[in-house]
1. Check the straight Cα-Cα distances from Lys43 and name the lysines below 27 Å, setting aside those fewer than 8 residues away within the same chain.
2. Between Asn28 and Ala60, what FRET efficiency follows from the Cβ-Cβ distance if R0 is 22 Å, with the result rounded to 0.05?
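Just so you know, all these numbers are worked out from the coordinates, no wet-lab data involved. This structure is a prediction, so every number in the text was calculated from the model and none was measured. Counting neighbours? That spans all protein chains shown, and the Cβs are built from the backbone with ideal geometry, glycine included.
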Amino acid sequence: QVHVAESGGGLVQPGGSLRLSCTASGSNFRLKGMAWFRQALGKERELVALIAGGGSTNYADSVKGRFAISRDNAKNTAYLQMNGLKPEDTAVYYCNVVVSGGDYWGQGTQVTVSS
């Protein structure tokens, strides 16, 4: 069993920045990919960014050039640096981690972009 914990959400003004963290913990797991998804009120969950075990990354078009995903393998942690935030980035952000044998979700962290 793998536990996934996100942190770093909050309220920020348009143009501001936030950094989300996602840490996987448990026993006897091999961490592969890590990804951030988000779900705005009344909308489907969508992929924001992912980082593979080898470090390659992929981003949704809507966040390219503004968001950056990274990971610290020693800490089983992924980060999402979000710059130039817009009101349309408001959503609950979820971390998904892929391990040998399955994937796990965190509980989500709220990001609200508003003046």
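1. Lys64, Lys86
2. Values: r = 33 Å, r/R0 = 1.48.
Computed FRET efficiency for Asn28 and Ala60: 0.10.
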